Amino acid sequence: MNGRSTLNRLLMALSGLVLLGGGLLILTAGLDLYRRLHLAAPAGWPLTTPHDVLLSNADRIGWSDQGWWWWPAVIAGLVLAAVLTLLWLLAQLRRRPGSVHLGGTPPPESVEVRGRALGDAVTAEARALPGVEQASAHVTGRAARPCLHVALTLTDDGTPAPVLQALCHGPVAHARDCTGLPHLPTRAQLNVGKHKARRAE
């Protein structure tokens with residue numbers, strides 16, 4: 001798994017936990033579960049009963065004293081955050097196609113290979129290359145125009161040039177043969193330990 005995939009998964013997990021926790025706290029207050037189940041509400045949490053509001057009149061008046069620009073700026077910031085979050089989520093959903101259309105002359109009809117299966121096959125073959133300690137591969141882009149991404153971690157005695165050549169003539173060439181896409185774009189990222197050694201396309 002490369003760094004970008006790890007970061008995306010961490011951000012998605014963190015966002016999910018925050019939304020789940022906030023939703024449960026609001027639902028608990030809305031159903032009056034604190035009183036019914038004799039639970040102690042979190043310290044400083046404003047919503048503890050169905051009649052509570054997130055911002056009281058005093059709070060709203062206090063924030064309004066910041067100036068006429070305050071609430072428009074807050075609303076604009078929230079809208080921008082929501083739009084950016086939606087765009088990021090859509091980008092994650094579009095990054096990895098569920099399948100890859102097979103090429104050929106003429107192109108076969110209704111014949112596809114799963115993008116995850118192709119990535120797993122390239123990963124398994126790349127891990128067996130000399131000088132490679134760890135490998136991961138995944139497919140991005142549209143089903144009709146996929147792109148193969150390969151991340152390799154070299155061993156202590158592995159050198160980038162021979163490993164890159166073996167990758168191109170081995171797993172990448174086999175992926176192109178299997179899909180019938182001779183021009184399958186491929187991006188390879190080579191790492192030595194924790195230090196990036198080389199990136200080639």
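Rule-based calculations on the coordinates, nothing more; no lab input. Keep in mind that what you see is a predicted model, and the values were worked out from it rather than measured. Methodologically, a virtual Cβ is constructed for each residue, glycine included, from the backbone with ideal geometry; neighbour enumeration extends over all protein chains shown.
Quick notes on this structure:
- A simple packing score, the average count of other Cβ atoms within 10 Å per residue, orders the peptides 67-77, 138-148, 157-167 as 138-148, 157-167, 67-77, with the highest score first.
- Linear extension gain, Ala121 paired with Trp69, 0.36 nm per residue minus alpha-carbon span: 13.1 nm
- Contour excess over end-to-end distance, with Cα ends at Cys178 and Arg36 and 0.36 nm allotted per residue: 44.9 nm
- Sites Cys147 and Leu24 - FRET efficiency at Förster radius 41 Å, r taken between beta-carbons, to 0.05: 0.55
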